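Asks: One structure follows; several queries about it will come next.
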Amino acid sequence: MGTRAARAGGPRRGAENPARKRLALGARQQTHSCSPRTQSTRLTAPAEPAPDVARLAMAPDPVAAETPVQGPTPRYFTWDEVAQRSGCEERWLVIDRKVYNISEFTRRHPGGSRVISHYAGQDATDPFVAFHINKGLVKKYMNSLLIGELSPEQPSFEPTKNKELTDEFRELRATVERMGLMKANHVFFLLYLLHILLLDGAAWLTLWIFGTSFLPFLLCAVLLSAVQVQAGWLQHDFGHLSVFSTSKWNHLLHHFVIGHLKGGPASWWNHLHFQHHAKPNCFRKDPDINMHPFFFALGKILSVELGKQKKKYMPYNHQHKYFFLIGPPALMPLYFQWYIFYFVIQRKKWVDLAWMITFYIRFFLTYVPLLGLKAFLGLFFLVRFLESNWFVWVSQMNHIPMHIDHDRNMDWVSTQLQATCNVHKSAFNDWFSGHLNFQIEHHLFPTMPRHNYHKVAPLVQSLCAKHGIEYQSKPLLSAFADIIRSLKESGQLWLDAYLHQ
C-alpha cells in the first residue's frame, strides 16, 4: 500500500559458487529457528557476510559461469502465518498473493502509519488498488518489503471473504477503467473552484456595498459558510487523488484548497480520512466513530457490548437529544478549530502550518478593516458554527445509521456496503453534499472523480442485486432523520443491556 518504500539493499540475483550457496542455505535454516521478531529483521535486512566469505564469493568460479542464472527460491507462507503478524512488533500483509513485511515501513508510509497497519495480518489487494493511482510505480518501491508469497495450496482470500463477490467486483473495476470513468474532467473541477471563489468574493462585496448591519452581516456569514463547506468538498477530491493523473499536482492543489481556502492541514485530513476509508465503521480503526463510547453509544453490537460491560460515560438513552448540542454545532468551533494547530505543531508539519497561516492572514486583512476586531471574531466563529452544522449532518447521514462493529476482516465490497448508504441524486443534493450522496460508489472507488459516480451507480446496483446485498438510497431529509433514529435505537439497546444483563 505504500508509495515510497525505502530501497533497502539486498543480495543481488545472479550466479553463485557452491560455497556461497552453502552459506545461504545455512542462513535460511538458521532463520527458521529464530524468534518471529528476529526472523522479520533478517528477512528485510540481510546481514553482511564475513570478510573471508565475501572474498570467496567474489572469486571466479568456472562452473558457476557456465550455469544458467537462477533467482533465489521464493519463500512460502500460509494465511495462518500471515495472520499472526498483525501486532505491534511484527506486521505482514498480502497483495496479489505476495507477502510483505511492513513492520519498519509503517512509520514511513506516505498515507500514514495507521491506515496501512489496519490491514496487518490480512489481504490488502483491493484497498491497495483502490487507494493508489500509479500502482506500477508503487510496486517497484515495495520490492524491498517483499519476503515471499502464499503457498500454492493456499487460497487467494481468507475464509472470511466472499471470493465470488470479490472476483466479480474486480471485473467490474476493470470495466470501469475501460469505460474511462476513473479519468477526471478538469473543466468540471475548474468551474467548481471558480464558483467557490465567486461565493468568497460575494461575501466580501455584501459587507462593502450594503454595510455591516445585521442582515448584510448574516448574509455574509451564510455565504462564507458555503465557501468553507464547498472548499471542504473540493479538497476532498484532491486529497483522494481523483483530479489529476499524478500525485504531485493533486497534493499541491490539496494544500492550496484545504490550507489557504479553509485554514486546515492536509496531513491531518490524510491521517484521519484514509483510515475511515480503509475500515469504515470499524471500532478502533475508523476515527470517524471515535466518539464511541465517551460521547455516544454507536451501533447495535457495540451498544449492547457496552451495556453488558456496565460502562456509562454519558446518559446514552438520551443521546438522540444531546446530539443536537454536542454534535453538529460544536465539532468545528469547539474541537477541530483548535486541535488542528496542536496536530501540526506536535507532528512538526511546518508546510501545512505555513499554508494555514496564509488563510488566517487573508481572512484577517479582508474583514477587520470592514468590521473591526470584535465583529470580525464574531463573524469567524459564526461561519465555523454554520459550517459545522452543515458538515456534520452530511458526513454522518451515510454512516451512523449503518452497521458498526469491530473489524471482521471481510472482503472490500462487503466492508464498504455494510457501512455506507446513498442519498437520492438531484442537482441540489449533489451540490449540497459535494456528490457524497453517492457514498457507496465513492467508497468502492475512492479515486474516481465525483462527476462519474452516477454513471457507475447502475453497475454497482446490479452487482449488489446479484449477490443479495442491500443497496440503500434514501431522500435527504430521511437520511438526516435516520441519524437521530439510529442514535435513539442504540441508546435504548445500551440501556436494556445495562439494566438486565
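The values are calculated or read from the model by the stated rules, or taken from the named source; none is laboratory data. Since the structure is predicted, the reported quantities are computational estimates derived from the model, not experimental observations. We place every Cβ from the backbone using ideal geometry, glycine too, and count neighbours over all the protein chains shown. Heavy atoms of the whole protein, side chains included, go into the accessibility calculation; ligands, DNA and RNA do not. Shrake-Rupley method; radii C 1.70, N 1.55, O 1.52, S 1.80 Å.
Asks: Counting only residues 5 or more places away or on other chains, whose amide H sits under 5 Å from the amide H of HIS109 once H atoms are built in the peptide plane?
Replies: For HIS109, no residues qualify.
Asks: Report which label in (i) 1.13; (ii) 1.22; (iii) 0.90 holds the value of Cα Rg over 2.2 N^0.38 Å derived from the coordinates of this structure.
Replies: Label of the calculated value: (i).
Asks: Then there is this: In region 164-270, which trypsin sites (Lys or Arg not before Pro) fall in coil by DSSP and have 15 or fewer other Cβ atoms within 10 Å?
Replies: Filter output for region 164-270: LYS183.
Asks: Roughly to the nearest percent, how much of the accessible area of the chain is carbon and sulfur, given a 1.4 Å probe?
Replies: Summing carbon and sulfur atoms, their accessible area is 62 percent of the total for the chain.
Asks: Still on this model: Over the chain, what is the relative contact order in percent, taking alpha-carbon pairs closer than 8 angstrom and at least six residues apart?
Replies: 18 percent
Asks: Sort LEU371, LEU234, LEU191 from largest to smallest accessible area, using a 1.4 Å probe on the heavy atoms of the protein chains.
Replies: Ranked from most to least accessible, the order is LEU191, LEU371, LEU234.
Asks: Go through HIS254, ASN389, VAL187 and say which Cα lies farthest out towards the positive end of the charge dipole of the chain; charges sit on Cβ, +1 for Lys and Arg, -1 for Asp and Glu.
Replies: Working it through, the farthest residue towards the positive pole turns out to be HIS254.
Asks: R0 = 45 Å: FRET efficiency of GLU153 with VAL368, Cβ-based, nearest 0.05?
Replies: It comes out at approximately 0.05.
Asks: Given a 1.4 Å probe and heavy atoms of the protein chains only, how would you sort TYR342, TYR453, largest accessible area at the top?
Replies: The ordering from most to least exposed comes out as TYR342, TYR453.
Asks: Give me a comma-separated list of calculated 3J(HN,Hα) values for region 267-284, in order, Karplus coefficients 6.51, -1.76, 1.60 applied at θ = phi - 60°, integers in Hz, x for any Gly or Pro.
Replies: So the J values, rounded to whole Hz, are 5, 5, 5, 4, 4, 7, 6, 5, 4, 4, 6, 5, 9, x, 6, 9, 4, 6.
Asks: Another one. Applying the Karplus parametrisation 6.51 cos²θ - 1.76 cosθ + 1.60 with θ = phi - 60° to the phi angles of region 367-375, what ³J(HN,Hα) value in whole Hz is obtained for each residue in order, glycine and proline being reported as x?
Replies: Karplus-based 3J(HN,Hα) across region 367-375 equals 10, 4, x, 7, 10, x, 5, 5, 5 Hz.
Asks: Search the structure for amide H atoms under 5 Å from the amide H of SER103, placed 1.01 Å from N in the peptide plane, and list their residues when 5 or more places away or on another chain.
Replies: ARG91
Asks: Something else: Report relative contact order for region 76-159 in percent, whole number only (criteria: Cα-Cα under 8 Å, sequence separation at least 6).
Replies: The value is 40 percent.
Asks: Taking the Cα centre of region 161-500 as origin and charging only Cβ (+1 Lys, Arg; -1 Asp, Glu), how large is the dipole, in debye to the nearest 20?
Replies: The dipole magnitude comes to about 560 debye.
Asks: Here's something else I'd like to know. Over 29 Å between Cα atoms, which of LYS161/LYS349; LYS311/LYS488; LYS139/LYS279 qualify?
Replies: LYS161/LYS349
Asks: Report the Cα centroid-to-centroid distance between region 286-306 and region 340-355 in angstrom, as an integer.
Replies: Cα centres, region 286-306 to region 340-355: 29 Å.
Asks: Still on this model: Between TYR342 and ASN290, what FRET efficiency follows from the Cβ-Cβ distance if R0 is 22 Å, with the result rounded to 0.05?
Replies: With a Förster radius of 22 Å, E is 0.90.
Asks: Enter the Cα centre distance for the pair region 439-473 and region 127-163, rounded to the nearest angstrom.
Replies: For region 439-473 versus region 127-163, the Cα centre distance is 24 Å.
Asks: Specify the inter-centroid distance of region 215-247 and region 406-430, based on alpha-carbon positions, in whole Å.
Replies: 23 Å
Asks: Taking GluC sites (Glu not before Pro) as candidate sites, keep only those in a DSSP loop with at most 11 other Cβ atoms within 10 Å, then name the longest stretch of the chain containing none of them.
Replies: 154-469
Asks: On to the next question. Give me log10 I(q)/I(0) at q = 0.13, 0.18, 0.21, 0.22 Å⁻¹ for region 76-159, Debye formula, one equal scatterer per alpha-carbon, no solvent.
Replies: -0.36, -0.71, -0.98, -1.08
Asks: Another one. Could you run the Karplus curve 6.51 cos²θ - 1.76 cosθ + 1.60 with θ = phi - 60° over region 206-214 and give me ³J(HN,Hα) per residue in whole Hz, x for Gly and Pro?
Replies: 4, 6, 5, 8, 9, x, 10, 5, 4
Asks: Can you tell me what share of the DSSP beta bridges in the chain is antiparallel? A percent to the nearest 5 is fine.
Replies: Working: 8 of 14 bridges.
Taking every DSSP beta bridge with both residues in the chain, the antiparallel ones total about 55 percent.
Asks: Can you list residues whose amide H is under 5 Å from SER473's amide H, if they're 5+ apart or on another chain and H is modeled 1.01 Å from N?
Replies: ASN422
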